[in-house]
């Protein structure tokens, strides 16, 4: 009997037998049917800024690695912290986050300013009190110290005396499946100087031989994302630097405006491992328009581009949002703006009506923008529900809890 004469039932039995042999040899289920190998990408971890989250397909996907790159001061670490803050907001005491700072211990006060409810070390509170006393300001009250020591869920700091130890800690935490988000800030501090300055694998024999620390990290990380040990809903988020784009500098002047100013210098293993890569950079300055603030810089527009998009988004998406020093991104205002853009929030007879895109019903109304924003701040369930309705109206769907 030729292969083409094999019946459907015989082929099925042969394949089942093949699977059994392979899995028995591996002593684990390394081969299975497609319907038994789901991916976790439907679960997203949003930043809270709807403009960015829409471009990300709802947020950073669970079950893989995403990278945020940009020049100094562009907001890379800010986006990382924003995602962590939203994770705490959505999951509450069930939130579990780990952060691997590769260059310096993070500024806990800035983390809290970004919305991350993390306990500030006693030593930092004492130092802040010394600064306040030097300025003639009162020390923190007991109630303020209690607030600074509060924390939502678990928050771990991954440290090491070498880059390898840090990455080993990241891998152990990822393998545990106990965390929602693990952040590495910044991944470039771990790669070698030669790797950071090269344009391709051919520039380095070490890289070509996969001998770098990042290649070894990727070799261990990739199998964890394949679901062999069951789904892993952890998102690994890394930040990285950029450099001036040589292609732009060498291009004719009339072509330079079409080429990005910056080029990513993420380690090659990380670039290929990432489901999503986001490039962020500073845009035009935002200045006050009236009173004592007129002409004084209040912030800057932040621009971004999805330079690699899988798992619900795609390459080449660009966006921007206002960033001010007082409130950073206006996350709740972004819900209002994007809701009105996509028709989920409609103004009628002086009131705001929430219109579901699925059936055009109006489940709620609000007296006005300020009142709706206040409702979103106070009611996390309403906030997340409205965000998902906006995503649906924009043709995107995701889960924010599993």
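Every number in this text was worked out from the coordinates using simple rules, so none of it is lab data. These numbers were taken from a predicted model, which means no experiment stands behind them. With ideal geometry, Cβ positions are generated from the backbone for all residues, glycine too; neighbour counts draw on all protein chains shown.
Structure values in brief
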{"item": "Where N is the number of residues in the chain, Cα Rg divided by 2.2 N^0.38 Å", "result": "1.12"}
{"item": "Kirkwood hydrodynamic radius over Cα pairs of the range 49-170, then Stokes diffusion coefficient at 25 °C and 0.890 mPa s, in µm²/s", "result": "150 µm²/s"}
{"item": "Relative contact order (%) - the chain, alpha-carbon pairs under 8 angstrom, separation at least six", "result": "21 percent"}
{"item": "Contact order normalised by residue count of the range 330-394, Cα under 8 Å, 6+ apart, percent", "result": "32 percent"}
{"item": "MRE, 222 nm, helices only [DSSP H, n ≥ 4, -39500 (n - 2.57), over the chain, to nearest 500]", "result": "-11000 deg cm²/dmol"}
{"item": "Separation between Cα centres of the range 102-149 and the range 12-29, rounded to whole Å", "result": "57 Å"}
{"item": "Modelled FRET efficiency - R0 51 Å, residue 219 with residue 142, Cβ distances, 0.05 increments", "result": "0.50"}
{"item": "Burial ordering of 360, 396, fewest other beta-carbon atoms within 10 Å first", "result": "360, 396"}
{"item": "Radius, Kirkwood style, for the range 330-394 when every pair of distinct Cα atoms is counted (Å)", "result": "11.5 Å"}
{"item": "Extent along principal axes [Cα atoms of the range 244-402; Å; largest to smallest]", "result": "56, 48, 28"}
